[in-house]
Amino acid sequence: MFGRKRTSDKNQLQNLGQKEYDPSVYKPVLKCSICNGEQVAGFKNRETGKFEEVMFIRNEQELAWFLNSYGLETIEKEY
């Protein structure tokens, strides 16, 4: 709306994996809602506990993409 260019989901996914994280400072976390089942993948600061959101997970393919793009095998779930 009003001159904003929409980007497709595919373009957004390609741009997300460019960021790196330091495993000694951040841990990968999948925040899950008990009420509606929404899931958000991101990184939690080990010292402060602050969560940095990276992407909204809608299906298993997006979760697999997130894990592969950051070289992760498993991810911890928080409710």
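Laboratory data are not the source of any read-out in this text; all were calculated from the coordinates shown. All of these numbers come straight from a predicted model, not from anything done at the bench. Counting neighbours? That spans all protein chains shown, and the Cβs are built from the backbone with ideal geometry, glycine included.
From the residues in region 19-49 that are over 19 Å from G71 (Cβ atoms) and surrounded by 11 or more Cβ atoms within 10 Å (Cβ to Cβ), which one is nearest to the chain's Cα centre (by Cα)? Among those that are over 19 Å from G71 (Cβ atoms) and surrounded by 11 or more Cβ atoms within 10 Å (Cβ to Cβ), it is V40. Of the residues making up region 40-72, those that are in a loop (DSSP other than H, G, I, E, B) and either more than 13 Å from K27 (Cα to Cα) or of a type in the set (F, W, Y) (or both) are R58, N59, Y70.
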